[in-house]
1. Scan the stretch 26-45 residue by residue and report those that are polar (S, T, N, Q) and within 17 Å of SER96 (Cβ to Cβ).
2. Condition first: surrounded by fewer than 16 Cβ atoms within 10 Å (Cβ to Cβ) and among the β-branched types (Val, Ile, Thr). Now tell me which residues in the stretch 41-67 satisfy that.
3. What about ILE31, is it under 26 Å from GLN94 (Cα atoms) and at pLDDT 90 or above?
4. Do we find a residue being more than 16 Å from the chain's Cα centre (by Cα), closer than 18 Å to ILE31 by Cα and either in a loop (DSSP other than H, G, I, E, B) or in contact (Cβ under 8 Å) with a residue 60 or more places away in the chain (or both) anywhere in the stretch 47-66?
5. Report, by residue number, each residue of the stretch 67-88 that is in a strand (DSSP E or B), farther than 14 Å from PRO104 by Cβ and of a type outside the set (D, E, K, R).
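The values are calculated or read from the model by the stated rules, or taken from the named source; none is laboratory data. Note that this is a predicted model, so its numbers are computed, not measured. Glycine also receives a Cβ, built like all others from the backbone with ideal geometry; neighbour counts cover every protein chain displayed.
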Amino acid sequence: MRRECYVVCLLFGLSITATMASRKEASGGLIAGDLAQFAVTVHNKQSDDPLKLLAVNNGFTQVVSGGINYKIILLAVDGLTKQYQAIVFENHSQNSRKLISFIPYFS
C-alpha cells in the first residue's frame, strides 16, 4: 500500500512539473523579442494602425499539437503608448509562424 501511494504521488508530481514546463515564462529573452517584433510587423500589415514595438513586458509558452503558442504582452506606441497581447503560433517542423491574435491588453 505504501509503495502504491509513493508511485501515485511521484506520477502526480511529474504531471504537475510537465504542465508547468509547457507554460514556462518566456519574457524578455531574444525569442520573445523576435516574436513580438514579428507580431507587430504582421499587425501593421493587416491594419491601418502602425505600431512601433517598445518592449516585451511578459511572455508565456504553451506546447500544442504541431508547435508552440507564444502569448506575449508587449508595449507599443502609435502616438500613445499602449499594452497589447499577441499570440503567435510557431510550427517548428514547417519553420513557420502565424499571428493568431493581436489585441489591446488591460492588466
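1. GLN37, THR41
2. Residues satisfying the conditions are THR41, VAL63, VAL64.
3. no
4. Within the stretch 47-66 (the criterion being more than 16 Å from the chain's Cα centre (by Cα), closer than 18 Å to ILE31 by Cα and either in a loop (DSSP other than H, G, I, E, B) or in contact (Cβ under 8 Å) with a residue 60 or more places away in the chain (or both)), the answer is no, since none of the residues qualifies.
5. Within the stretch 67-88, GLY67, ILE68, ASN69, TYR70, VAL88 meet the criteria.
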